[in-house]
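Single-structure report; data block below.
Bear in mind that the values in this text are calculations on the coordinates, not laboratory data. This one's a predicted model, so the numbers in the text were calculated from it and none came from an experiment. Every residue, glycine as well, gets a Cβ built from its backbone with ideal geometry; the counts of neighbours run over all protein chains shown.
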Amino acid sequence: MTSLILYLNPNSPGKVLIWTRVRRKHIITSEIFYGVYGSLSTQPKNYSTKPKSKRYFLVRMANQSPIDTRDYNHNMDYKEIAKSGYNKIADRYLAERDQGGANVQLIHDFIELLSPKSKVLDAGCGAGIPITKMLAEHFDVIGVDFSKAQIERAKKNVPNAHFLCQDMTQLDFPDKSLDGICSYYAIIHIPREEHASLLANFYRMLKSGGVALLCLGAENLIDDIEDDYLDTRMYWSHYDSDTYIKMLKERGFSNIWARQIADDSFETAKHLFVLAQKAPA
């Protein structure tokens with residue numbers, strides 16, 4: 001597999017330009033790729049200049065002979081990029097995070113569906129504010145995050161919750177042991193090939209009739225690495241909204257609602273929030 005770094009072309013909707021971040025220059029090639037993210041085809045002999053976007057998209061795809069990527073690390077640990085990034089920017093991320101926007105308000109629908117003292121997992125809890133703190137006012141909450149710095153802050157910010165520093169894809173709580181699972185802006189930092197098994201594991205851990213509020217991707221994005229996200233390197237990966245709706249249904253969830261919420265941190269970006277339920281016994 002060859003990994004190509006692609007920029008969206010603002011001068012021609014639907015087209016992307018080949019770019020090498022390592023060499024920081026163009027590779028002049030006979031091909032420009034058409035499509036958005038993972039849905040790519042080729043047309044010959046097209047080339048134009050580098051757009052001004054600060055973000056690039058790393059796309060894993062079949063070998064393309066015009067591309068020289070020998071400087072690229074094919075064994076890159078994508079999760080480590082996100083984990084080390086959040087370790088570095090824990091305080092700044094919390095300071096700049098929206099504490100009361102439309103995304104945060106969605107948590108009230110989740111809370112209303114659960115009984116007081118229900119056992120709830122906050123998967124990707126970060127520093128615990130605002131979501132874990134809001135949940136802990138009503139429920140017995142376990143917060144999980146793979147960033148040690150975030151967990152250290154969460155323990156101080158929400159002393160009435162329990163916390164575990166662990167990769168959420170490795171959780172092994174007993175079957176049907178949780179009343180609810182909530183996850184904000186965390187699944188999108190996990191390579192999307194792991195999302196189906198993650199959702200299946202969430203379903204396994206939920207009790208019959210349990211509910212999940214999940215933040216997922218709204219657009220098809222194989223791998224996205226940004227070198228200057230709050231002065232650190234960060235990674236994202238996700239499918240589009242329709243794929244997630246289908247994926248949840250295939251794993252047994254019934255969707256109560258699904259909404260796309262704008263992301264104030266990046267122009268035109270949106271995330272899919274889904275409130276879903278495991279079938280009652």
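When each of the peptides 186-193, 121-128 is scored by how many other beta carbons lie within 10 Å of its residues on average, the order from highest to lowest is 121-128, 186-193.
Legend: calculated FRET efficiency, D231 to D175, from the Cβ-Cβ distance at R0 = 41 Å, rounded to 0.05, equals 0.45. Packing order of peptides 245-251, 209-215, highest average first: 209-215, 245-251 (average count of other Cβ atoms within 10 Å over each peptide's residues). Annotation: amide H-H contacts under 5 Å for I190 (H modelled 1.01 Å from N, sequence separation of 5 or more, or interchain): S237. Between the range 210-241 and the range 151-192, the alpha-carbon centres lie 17 Å apart.
The fraction of all Cα pairs in the range 115-206 landing in successive 5 Å bins from 0 to the largest distance is 3, 15, 27, 25, 19, 9, 2, 0, given as whole percents. Across all Cα pairs in the range 218-281, the calculated P(r) in 5 Å bins from zero up to the longest distance comes to 4, 15, 20, 22, 15, 11, 8, 4, 1, 0 percent per bin. On the principal axes of its alpha carbon atoms, the range 151-281 extends 47, 38, 23 Å, with the longest extent given first. All other residues whose Cβ lies under 10 angstrom from that of N220 are scored, Lys and Arg at +1 and Asp and Glu at -1, for a net of -2. For L216, the amide hydrogen comes within under 5 Å of the amide hydrogens of L272, F273, V274, counting only partners 5 or more places away or on other chains and with H modelled in the peptide plane.
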